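Here the structure comes first, spelled out in structure tokens, and everything after it is commentary.
The values are calculated or read from the model by the stated rules, or taken from the named source; none is laboratory data. What you see is a predicted model, and the numbers here were worked out from it, not measured in a lab. Cβ atoms come from the backbone with ideal geometry, glycine included; neighbour counts cover every protein chain shown. The area values use the complete protein model at the heavy-atom level, side chains included, leaving out ligands, DNA and RNA. Shrake-Rupley method; radii C 1.70, N 1.55, O 1.52, S 1.80 Å.
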Amino acid sequence: MSKNYTILDLIRRYRTPLENHLIDGLVDGRVSRRDFVRHGSLLGLSLPLLGRIGMAAGLGGMPSLARAKGAPGATIRVASSVPAATIDPVTIADAGGLLVMQQVAEFLCVDGPDLVLQPALAESWKPNDNGTVWTFKLRKGVKFHSGGEMKAEDVVASIDRLADPANSSNALSVFNGILQKGASKKVDDYTVEFHLDAPNGNFPYMLSSDNYNAVIIPASYKGDYEKSFDGTGPFRIEKYTAKVGASFVRNEDYWGPKALPERTEFTFFTDMQPQILALQGGQVDIINQMPVLAGVALLKDPNIDIISLKSSAHQQLHMRCDEGPLKDARVRRAIALCLDRDKLAAGLMKGRSALGNDSPFAAVYPSTDTSVPQRKQDIAQAKQLMEAAGLGQGFKITMTTERYLEIPEYAQLIQNWVKEIGVQLDLNILDQSGYYGDAVFGKSNWLDSVMGITDYGHRGVPNVYLAAPLKSEGTWNAAHFKNKDYDALATSYIAALDLEAQKADAGKIQKLLLEETPVIFGYFYDYLTATAKGVAGVQPTAMSQLFLDKASKA
């Protein structure tokens, strides 16, 4: 298709310089259509507008986002993990708990499976010139299940709770250094401004389903969420029994299209195998998250469909940079060169992952610099690095990790691979509570171990990965990595509003981390959801959420 410059000029007339620069990138071919849509949605451009720009740029129409036409009235049955603690939007941190909460409570915007931000309780958003203030316009006429209309004061109160250190919010890992209590300002009943500590080009993701604590609940909330399960979502709570399950019914007063299912039922399981048997036996319709190795039998079952989402979820292998043999970056690089990443992807992960290149920049991110060469297994080079570091005879060290998903098998593979360069790696595999401890330095096997593997869930942008585990003062810096050049680059990336500026900083970060290798990113695993044949319209996210409003059964 040819470009229509008349329409493009008309569209440009009402756009900011930042938006026009992104449009220029699309028209000139510097920015792919996929990355244009994702970054455009981040800047607050609507999907219809992004589609019109794509048409005018000669790239054809966008895929239809038409609503699924399944039959209404079904009961959808879900198998999930047991919530690990009392369900509270402020403190919830586990997959089972956030899944239940998300059935009734909603976000300002939703991070879709393609990382495109879609409006939910907010209709639109935009930054100021330097990304220090983001303004969100709220949807009108949205009612809480308890009856009141959702307005700006509810949004301000919800986010202030999360940003207040006194509340021990799980979302502080996202908001620390970004948004303080009191920095969310009501402009009018349907407009909220967020005044940030520093420029942040990816901030809308911090208020989306990507930050699973950031649901909007009434300003009057005082605790005891399990007594009300109040929210604005397409389902209302019917019954919740701790450690057993929950059920929900359609919200007939929902602000959007009414949910197709009449009811949804969630059964909690402590292990994966009973979930698999329940799905195969017809007791449930969906397994919310299925690990690859535990679910191998389902991958080839003709009666089961697998929804596979590319994600940025991964298992970080940290190496302490401040003591012992791992203090030498040459030794850390040598260990990284022992990994056969192709075998990890094809064998351990059964083809359900993407290669990692020892930085947080997964292939799913539009800002990832794909021109940076992929690190490959190279035992000869690894041995040379060990010799240069004066450790040609090898050394003995312990790696501590958690018993979760494929991590124990991953640890065993690494143990075998590093033998080739003389490293005797002892494994200390703990249950999750023993591994994480109090999750603070001095009281955590995770943060205090000389070497360890930690699971990190999906994020729609890499900001948390860049800051918490890698910045000098990062709250999750198990590698004890302190590098002023890295800190400056990470700060610059996080501040950048422009996609091409982000990509330039990303390339520098990727190269620096390949040189320093405080953390090995071996692979980024796909998020898998299993459904029975005939179940349609199920939309999981790689954050362990499950949107069922369009679900149906044949």
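Please give, to one decimal in nm, the separation of the simple spin-label points placed at LYS243 and TYR14, each 7 Å out from Cα toward the Cβ.
Between LYS243 and TYR14, the label points sit 5.8 nm apart.
With label points built 7 Å along Cα→Cβ from the Cα atoms of GLN424 and GLU473, find their separation and express it in nm.
Label at GLN424, label at GLU473, 4.2 nm between them.
Dipole magnitude of segment 422-554 about its Cα centre, charges +1 at Lys/Arg Cβ and -1 at Asp/Glu Cβ only, in debye to the nearest 20?
Charge dipole, segment 422-554, about its Cα centre: 440 debye, nearest 20.
Looking at (i) 36, 33, 19; (ii) 37, 30, 24; (iii) 40, 26, 20, which value of semi-axes √(5λ) of the Cα gyration tensor in Å comes from a calculation on the structure shown?
This structure yields the entry labelled (ii).
Stretched out fully, how many nm does the piece from ASP197 to ASP24 gain, at 0.36 nm a residue minus the Cα gap?
59.3 nm
Tell me, in nm to one decimal, what length is gained between SER433 and LEU293 on full extension, where the rule is 0.36 nm per residue of separation less the Cα-Cα distance?
Full extension from SER433 to LEU293 adds 48.2 nm.
Which one of THR517, VAL538, THR491 is farthest out on the positive end of the charge dipole of segment 457-551, using unit charges on Cβ (Lys, Arg +1; Asp, Glu -1) and the Cα centre as origin?
Working it through, the farthest residue towards the positive pole turns out to be VAL538.
Using the Cα gyration tensor of segment 1-60, with a ≥ b ≥ c the square roots of its eigenvalues, what is the shape: rounded (a/c below 1.5), prolate (a/b larger than b/c) or oblate (neither)?
In terms of gyration-tensor shape, rounded.
Just check segment 332-418 against the gyration tensor rule for me: Cα atoms, a ≥ b ≥ c as the square roots of the eigenvalues, rounded for a/c under 1.5, and otherwise prolate or oblate depending on whether a/b exceeds b/c.
Taking the square roots of the gyration eigenvalues as a ≥ b ≥ c, segment 332-418 is oblate.
Only bridges whose two residues both fall in the chain count here: according to DSSP, what percent of them are antiparallel, nearest 5?
Looking only at bridges with both residues in the chain, the antiparallel portion is about 75 percent.
Whenever you get a sec, compute what percent of the accessible area on segment 67-119 sits on carbon and sulfur atoms (1.4 Å probe).
58 percent
So, counting K/R as plus one and D/E as minus one, what does the shell of residues with Cβ under 12 Å around VAL142 add up to?
-2
In the neighborhood of GLN315, defined by Cβ-to-Cβ distances under 10 Å, what is the net charge if each Lys or Arg adds +1 and each Asp or Glu adds -1?
The answer is -3.
So for VAL364, VAL78, what's the accessible-area order with a 1.4 Å probe, most first?
VAL364, VAL78
Order HIS458, HIS21 by their accessible area, 1.4 angstrom probe, all chains in place, largest first.
Sorted descending by solvent-accessible area, the residues read HIS21, HIS458.
Ignoring ligands, DNA and RNA, what percent of the 1.4 Å accessible area of segment 220-360 is carbon and sulfur?
Ligands and nucleic acids excluded, carbon and sulfur reach 50 percent.
Shape call for segment 436-544 from the C-alpha gyration tensor, a ≥ b ≥ c root eigenvalues: rounded (a/c under 1.5), prolate (a/b greater than b/c) or oblate?
oblate
Round to the nearest 0.05 the FRET efficiency obtained for LYS327 and ILE379 when R0 = 25 Å and r is the Cβ-Cβ distance.
Computed FRET efficiency for LYS327 and ILE379: 0.65.
Only four residue types carry charge here, +1 at the Cβ of Lys and Arg and -1 at the Cβ of Asp and Glu. Report the dipole size of the chain about the Cα centre in Debye, rounded to the nearest 20.
Around 1100 debye, computed over the chain.
Compute the distance in nm between two label points, each set 7 Å from the Cα along the Cα-to-Cβ direction, one at SER228 and one at ALA71.
3.9 nm
What whole-number value in Å² describes the accessible area per residue of the chain for a 1.4 Å probe?
For the chain, the solvent-accessible area averages 39 Å² per residue.
Hey, which of these cross-link pairs are over 31 Å Cα-Cα: LYS258/LYS350; LYS227/LYS310; LYS310/LYS376; LYS343/LYS383?
Pairs exceeding the cut-off: LYS258/LYS350; LYS227/LYS310.
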